[in-house]
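One structure below.
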Amino acid sequence: MKAQSYSLADLPSVAAHIVDEMQCPIILLLGSMGAGKTTLIKALCNVLRVVDEVSSPTYSLVNEYETEAGETIYHFDLYRLNSLEEALDFGVEEYLESENICLIEWPEKIIDFLPETFGVIKISTFESNRIIEFLPKCSPETALSFLV
């Protein structure tokens, strides 16, 4: 997906497009504080038919949601992650290897644990709109260009 500007009203169609294009179960969400990462995750979970309430796992680091089809989706907010050891303690490797969808905010904190391929969503703000870039499949080397 090329960079695309969207408003809050466009979010359901943006989320549907992302879900249609997803090629990897691991999706990294990049953006500054308040860029709309959690809001986009809520929209993605709506498209994926999550039956649980979707909220930011800021203090728990990871939330688990179930879909209508009984599938599990993991939502990570790693902003408060203090170390790679802490990531290992809560089982980050097991989550990433589960083959379930993992939506990860602040993924740069676990870059050493990421698989060979994953999707990347980068959200930037411009006035009242957001600009989104989505790579449905990339490698850590490609993702580094998004992290700057």
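The values are calculated or read from the model by the stated rules, or taken from the named source; none is laboratory data. Predicted model, so just to flag it, every value in this text is computed and none were measured. When we count neighbours, we look across all protein chains shown, and the Cβ atoms used for this are built from the backbone with ideal geometry, even at glycine.
How many residues, within the range 56-108, are aromatic (Phe, Trp, Tyr), under 12 Å from the mean Cα position of the chain (by Cα) and part of a helix (DSSP H, G or I)? Give the derivation first.
So in the range 56-108, the residues aromatic (Phe, Trp, Tyr) come out as 59, 65, 74, 76, 79, 90, 95, 106.
Retained after the next criterion (residues that are under 12 Å from the mean Cα position of the chain (by Cα)): 74, 76, 106.
Now restrict to residues that are part of a helix (DSSP H, G or I): none.
Here the count works out to 0.
Just to be sure I understand, how many residues within the range 25-39 are modelled with pLDDT of 95 or more and outside any strand (DSSP E or B)?
1
Since Ser7 meets every condition but one in (1) buried (at least 16 other Cβ atoms within 10 Å of the Cβ); (2) farther than 20 Å from Leu96 by Cβ; (3) of a type in the set (S, T, N, Q), which condition does it not meet?
(1)
Would you pick out the residues in the range 14-46 that are among the β-branched types (Val, Ile, Thr), closer than 18 Å to Asn100 by Cα and crowded, with 18+ Cβ neighbours inside 10 Å?
Keep residues of the range 14-46 that are among the β-branched types (Val, Ile, Thr), which gives 14, 18-19, 26-27, 38-39, 41.
Cutting the leftovers down to closer than 18 Å to Asn100 by Cα gives us 18-19, 26-27, 41.
Within the range 14-46, Ile18, Ile26, Ile27, Ile41 qualify.
Could you give every pair whose Cβ atoms fall below 9 Å, whose first residue belongs to the range 108-137 and is among the hydroxyl-bearing types (Ser, Thr, Tyr), and whose second residue is part of a loop (DSSP other than H, G, I, E, B) and surrounded by 15 or more Cβ atoms within 10 Å (Cβ to Cβ), counting only separations of at least 6 or pairs across chains?
Thr117/Cys24; Ser124/Gly31; Ser124/Ala35; Thr125/Gly31; Thr125/Ala35; Thr125/Gly36
Among the listed residues Leu114, Leu88, Leu103, Leu81, identify the single one that is in contact with a strand residue (DSSP E or B) (Cβ under 9 Å, 6 or more places away or on another chain) and surrounded by fewer than 20 Cβ atoms within 10 Å (Cβ to Cβ). Full working, then the answer.
Details: Leu88 fails: in contact with a strand residue (DSSP E or B) (Cβ under 9 Å, 6 or more places away or on another chain); Leu103 fails: surrounded by fewer than 20 Cβ atoms within 10 Å (Cβ to Cβ); Leu81 fails: in contact with a strand residue (DSSP E or B) (Cβ under 9 Å, 6 or more places away or on another chain).
Just one listed residue meets the conditions, Leu114.
List pairs: first residue in the range 15-27 and closer than 19 Å to Asp77 by Cα, second residue in a helix (DSSP H, G or I) and of a type in the set (D, E, K, R) anywhere in the structure, Cβ distance under 9 angstrom, at least six positions apart or on different chains.
So the pair list comes out as Ala15/Lys42.
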